[in-house]
Amino acid sequence: MEIKGTVAVVTGGASGLGEASVRQLAAEGAKVSILDFDETRGSRVAAELGDAVIFCKTDVTNEKAVQEAIDRTVDSWGTVHIAINCAGVGTPAKVLSKRGSISIEEFNRVIQINLVGTMIVIKLAAEKMVNNTPNEDGEKGVVINTASVAAFDGQIGQAAYSSSKAAVVGMTLPIAREFADYGIRVVTIAPGLFDTPMLAGLPEKARESLIKMVPFPKRLGRPYEYAQLAKHIVENPVLNGETIRLDQAIRMAAR
């Protein structure tokens, strides 16, 4: 799908991987809606990028809020062609620890944001995509989800995060198979260690320790490198139903 002239929604678009994706799509000529809970950052990014970008304050776990954001996008630009799911949290917690067992409320919060929020956006965006005029390949839309290498080799303390991301990986193929009838592709990116707000709060020694685990290039991934892959997925019509590890060949240790 050619990006120029399309309409996209990006969750978590106010920072990190999502913000990089918003900037990439806008630079390629797309109209973009930022769906994010951070009103300050989201509004700033939208204002910086001009009339091609709008901000919709959105809690991705709230179906009504997501519907309102999708509807505003359609009211502004007529439809949705691209949905990129970057909203997520990675709150660590051991199942058993000196402080007691894991909070099921916190476990559920991670699942709700990372998994259920992704499904809500897929469902509501796809409802708009099916009405699009297909291109020469019969394509009407593209969905890009964000998992993590933790879906495959999660560390101690990542039970909630890993299970939520593994579920995103697990639903990629069945949804791609279902959406094939509608001309909508579904692809998931599983990033490794990226320099995002999720890692920004770590002490420098912890960041250095993580970097030592990376084979090559020996640094944290940069958000624009995620956005470059997202751009390629949109433009390459035979990428479908797959999870792509974007991880510098890292395989996470147990701790």
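Each value in this text was obtained by applying a stated rule to the coordinates, not by laboratory testing. The structure presented is a predicted model; accordingly, all values stated were derived computationally and were not measured. FYI the Cβ positions are ideal-geometry reconstructions off the backbone, even for glycines, and counts take in every protein chain you see.
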### Summary
Taking R0 as 35 Å and r as the Cβ-Cβ distance between R222 and E136, the FRET efficiency 1/(1 + (r/R0)^6), rounded to the nearest 0.05, comes to 0.55
### Task
With unit charges on the beta carbon (Lys/Arg positive, Asp/Glu negative), name the residue among I104, L173, L124 whose Cα is farthest towards the positive pole of the charge dipole of the stretch 98-182.
I104
### Task
Highest first, please rank the peptides 234-245, 184-195, 148-159 by the mean number of other Cβ atoms sitting within 10 Å of their residues.
184-195, 148-159, 234-245
### Query
Mind checking the angle between helix 117-129 and the chain's longest principal axis? C-alpha axes, 0 to 90 degrees, to the nearest 10.
10
### Message
Compute the angle between helix 16-27 and the longest alpha-carbon principal axis of the chain, please, reported from 0 to 90 degrees and rounded to the nearest 10.
### Response
20
### Query
In the chain, with Lys and Arg counted as +1 and Asp and Glu as -1 at Cβ, which of these residues, N62, T243, Q24, has the Cα nearest the positive end of the dipole, that is, farthest along it?
T243
### Task
Write down Rg/Rh for the stretch 148-255, rounded to two decimals, with Rg from the C-alpha atoms and Rh from the Kirkwood relation over Cα pairs.
1.01
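Would you work out the charge dipole size for the chain about its Cα centre, treating the Cβ of every Lys and Arg as +1 and the Cβ of every Asp and Glu as -1, and quote it to the nearest 20 debye?
1100
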### Query
Given N residues in the stretch 1-73, what is Rg(Cα) / (2.2 N^0.38 Å)?
0.99
### Debye intensity ratio I(q)/I(0), log10, the chain, q values 0.09, 0.10, 0.13, 0.15 Å⁻¹ (C-alpha model)
-0.37, -0.46, -0.78, -1.04
### Message
To the nearest 20 Debye, how big is the dipole of the stretch 56-153 about its Cα centre, given +1 on the beta carbon of each Lys and Arg and -1 on that of each Asp and Glu?
### Response
540
### Task
Add +1 for every Lys or Arg and -1 for every Asp or Glu among the other residues with Cβ under 14 Å from the Cβ of G117, and state the total.
+1
### Summary
Once the mean of 1/r over all distinct C-alpha pairs in the stretch 26-149 is inverted, the Kirkwood radius in Å reads 16.1
### Query
Length gain on complete extension for the stretch K4 to V95, per 0.36 nm per residue less the alpha carbon to alpha carbon distance?
28.1 nm
### Task
Quick one: angle between helix 39-49 and the longest Cα principal axis of the chain, in degrees between 0 and 90, rounded to 10, please.
50
### Message
If packing is taken as the average count of other Cβ atoms within 10 Å, what order do 29-40, 14-25, 166-177 fall into, highest mean first?
### Response
14-25, 29-40, 166-177
#### Entry: Span from the the stretch 210-246 Cα centroid across to the the stretch 19-36 one, whole angstrom
17
### Task
Grab the other residues whose beta carbon is less than 13 angstrom from that of D153, score K and R as +1, D and E as -1, and report the net.
+3
### Query
So for the stretch 86-178, what are the equivalent ellipsoid semi-axes in whole Å, largest first, each being the square root of 5 times an eigenvalue of the Cα gyration tensor?
33, 13, 8
### Positive-pole candidate from I144, A253, N114, dipole of the chain, charges at beta carbon
A253
